[in-house]
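Taking it in order: structure first as structure tokens, then the write-up.
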Amino acid sequence: MRIAFDAKRYFNNATGLGFYSRTLVNGLRAFFPENEYLLYTPYIRGNYAQDDSGARFPEGCRGKLVHPLWRSKLITPQLKHDGVQVFHGLSHELPSGLSRAGIRSVVSMHDLIFMRYPELYPATDRFFYGWKYRKAAHEADVVVAISEQTKRDLIDYFEVPAWKIRVIGQACDPSFSKYSFAAVPGRDTIPMSSDIRVPGDGFVIAAGSLTPRKNWDGLIKALSVTRERGFDIPLVAVGTGRSDYARSLPSLAVKLGVSVIWINRHIPSHELALLYRRASALVYPSLFEGFGIPILEALTIGIPVVTSTGSCFGEVGGDAALYANPLSAEDLAEKIMQAMDSHTRDRLLREAPGQIRQFDLRNICETWNRLYTDLYGINSGL
């Protein structure tokens, strides 16, 4: 099969959508090399993707000059000329005219947070997200939600029929298995990057963009509560952001007496895995997510997880995580202190392998390959 991807984020995104795209496409290449994978992107401006084989760029003056127009419309004749049989929109979007061009389509839907929390998004963004995502969901042959939570939101907000939606979770980057405690015992066995300094032990780690939805201020307040109770727990915070909210976080930590090491740059997966190894627990107090990949990453490495109640978090963490009300600093602090206890830690980690197996990369790629094959079979009349 010749399978094409909207690969703008595969090449140029350093956060969740980029990790999702690279992990899936690279897994498919490894497990199903008999397929041809073409990666359509208007440009490559980062070095996030180690493999650029199969990259395709705009053809024609208009496509080269007006990238949004190319991605939304002008790409379709190029796909047809290239003999593409299945097109996969990796993040919420599809170009127009695929069906008329005889190309089957599937779109990955990660979340509809802008619908649930509109106050967190500018009105212009909400309008365009709503228009593009709804259009893609209704025009795609198959819609893939990355969690049951996202499936419910697609039904509730966009009226997508349930029969059209499949739920396929995501896997974490193979680095987390490669550097896990199961694969390489000993907390300090593998050296860290020379420019990263973390506390010797007893710290928690959090990862995510420095936005209000990730609830960094709630986490800092919770650690101030643990400090008041006699547990001074440092935080290693991995995330970037330039908003007023992001800039306010260091001063909040200083005001509340919470020790934070801020890592405000892109961290490759293997470096993030090594950071997780040295932490006592991951704390992921987000208000809402489509999946929550840091939960799976931490469980794969072999450290306990404290995350939020509700949303999709229970789907990913199962019985291997502790859950707290993200709006209660006291509840979050209590769960963090529990995760630092050796007995609780051992109990949680006994549950982790079964949870991790649900999101095994090979199994997920096999599911995707069956879906592509089904779509190709419909297209070819097989």
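Coordinate-derived values only; no laboratory data. Given the structure is predicted, the values throughout are model-derived calculations rather than measurements. Quick reminder, even Gly has a Cβ in these numbers, built from the backbone with ideal geometry, and neighbours come from all protein chains shown.
Evaluating 6.51 cos²θ - 1.76 cosθ + 1.60 at θ = phi - 60° for every residue in region 53-63, the Karplus couplings come out as 5, x, 5, 10, 10, x, 10, x, 5, 5, x Hz, glycine and proline recorded as x.
Taking 7 Å steps out from each Cα toward its Cβ at D360 and R227 produces label points 4.5 nm apart. Taking 22 Å as the limit for the C-alpha separation, the pairs K151/K178; K8/K164; K151/K221; K221/K335; K73/K135; K8/K73 exceed it in the case of K151/K178; K8/K164; K151/K221.
Along the chain, the exposed loop sites are GluC sites (Glu not before Pro) outside DSSP states H, G, I, E and B with at most 13 other Cβ atoms within 10 Å, and the longest stretch free of them is 160-382.
Once Rg and the Kirkwood radius are both taken over the C-alpha atoms of the chain, their ratio Rg/Rh works out to 0.98.
Going from the fewest other Cβ atoms within 10 Å to the most, the residues C312, C61 appear in the order C61, C312. In a reduced charge model with +1 at each Lys and Arg Cβ and -1 at each Asp and Glu Cβ, the chain shows a dipole moment near 920 debye about its Cα centre. Between the residues I293, C312, A279, the greatest Cα displacement towards the positive end of the dipole of region 265-323, with unit charges on the Cβ of Lys, Arg, Asp and Glu, is found for A279.
Of the trypsin sites (Lys or Arg not before Pro) in region 204-305, which ones lie in a loop per DSSP and count no more than 13 other C-beta atoms within 10 Å?
Numbers: sites: R213, K214, K221, R227, R229, R242, R247, K255, R265, R277, R278; in loops: R229, R242, R265.
When the trypsin sites (Lys or Arg not before Pro) of region 204-305 are filtered for loop state and at most 13 Cβ neighbours within 10 Å, R229, R242, R265 remain.
Between rounded, prolate and oblate, where does region 34-73 land on the alpha carbon gyration tensor, with a ≥ b ≥ c its root eigenvalues, rounded for a/c under 1.5, else prolate if a/b exceeds b/c?
Here region 34-73 falls in the oblate category.
Just how far, in whole angstrom, is region 314-365 from region 137-166 if you go by their alpha carbon centroids? Cα centroid of region 137-166 versus Cα centroid of region 314-365: 27 Å apart.
Roughly speaking, what is the stretch gain from F128 to D52, that is 0.36 nm per residue apart minus the C-alpha to C-alpha distance, in nm to one decimal?
Details: separation 76, 0.36 × 76 = 27.36 nm, distance 2.93 nm.
Stretched fully, the F128-D52 segment lengthens by 24.4 nm.
Per the Kirkwood formula applied to alpha carbons, region 1-130 shows a radius of gyration over Rh ratio, Rg over Rh, of 0.97.
Of all the C-alpha pairs in region 175-357, what % are more than 28 Å from each other? Before the final figure, lay out each step's value.
On the way: 2591 of 16653 pairs.
In whole percent, the long-distance tail amounts to 16.
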